Amino acid sequence: MITADIDHRHEHHTVKAFALTSGLWFALATTFGLIGASLLVAPDFLSNVEYVHFGRIRPMHVNAVLFGFVTPGLVAVAFYFLPKLLRTRLYSERLGVASAVVWNLTLAAGMVGVALGHSQGREYAELPWSVDLMVVASFALVIVNVLMTIRRRTEPILYVSIWYAAAAVVLTACTYALGNVVWK
């Protein structure tokens with residue numbers, strides 16, 4: 001059993017910030033999904049509201065689930081177990097909370113952009129191009145915190161789960177950048 005030499009009174013602000021982010025966007029994504037499903041059953045539902053017709057609400061739902069609920073939830077889990085397995089504190093709680101704030105602002109900008117009709121029109125890549133840059137910047141903040149936590153570890157063994165967590169954030173950021181052709 002691994003016993004960490006770190007202070008167990010540590011507050012885990014970054015973990016809480018990303019977990020709350022995941023919970024908030026879960027509620028919003030569910031609401032978007034409910035509106036979209038309602039539009040399939042009753043097409044005249046909210047017919048006078050341009051910002052929530054099916055062509056806009058569905059990408060909002062999909063992106064809110066993917067980038068608002070799933071990804072921050074997984075990031076929260078990674079930020080929880082990395083310090084424990086590495087026997088060190090998170091590199092920067094301040095950077096971690098700032099990255100959660102930037103993540104939320106990025107996703108909010110993306111939802112507003114899609115609601116206003118600014119979409120790239122590609123499945124799972126609907127967010128406006130300017131928001132794509134913000135997504136990559138958000139991932140960069142997370143990557144710095146993950147890699148610097150690994151760098152300052154006191155545990156000599158790098159467990160495979162640490163490799164997977166580090167690869168997940170780095171490769172997801174790279175895949176997102178390549179898939180969305182961020183350098184337009």
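Some observations on this one:
- Rg ratio (alpha-carbon, reference 2.2 N^0.38 Å) - the chain: 1.15
- Here the accessible area of the chain is 70 percent carbon and sulfur, with a 1.4 angstrom probe and all protein chains present.
- Crossing angle, helix 160-179 versus the chain [Cα axis fit, 0-90 degrees, rounded to tens]: 30 degrees
- Here segment 90-184 is treated as a Stokes sphere of Kirkwood radius computed over C-alpha pairs; at 37 °C and 0.692 mPa s its diffusion coefficient rounds to 227 µm²/s.
- Per-residue ³J(HN,Hα) for segment 44-58, Karplus 6.51 cos²θ - 1.76 cosθ + 1.60, θ = phi - 60°, Hz, x for Gly and Pro: 7, 4, 6, 5, 8, 9, 4, 6, 10, 6, 4, x, 10, 6, 5
- Close amide H pairs (under 5 Å, H built 1.01 Å from N) link Gln120 with Leu127, residues at least 5 positions away or on another chain.
- Quotient of C-alpha Rg and 2.2 N^0.38 Å, computed over segment 111-150: 1.49
The values are calculated or read from the model by the stated rules, or taken from the named source; none is laboratory data. This is a predicted model, so every value here is computed, not measured. Accessible surface is based on the protein model in full, side chains and every heavy atom, while ligands, DNA and RNA are left aside. Shrake-Rupley method; radii C 1.70, N 1.55, O 1.52, S 1.80 Å.
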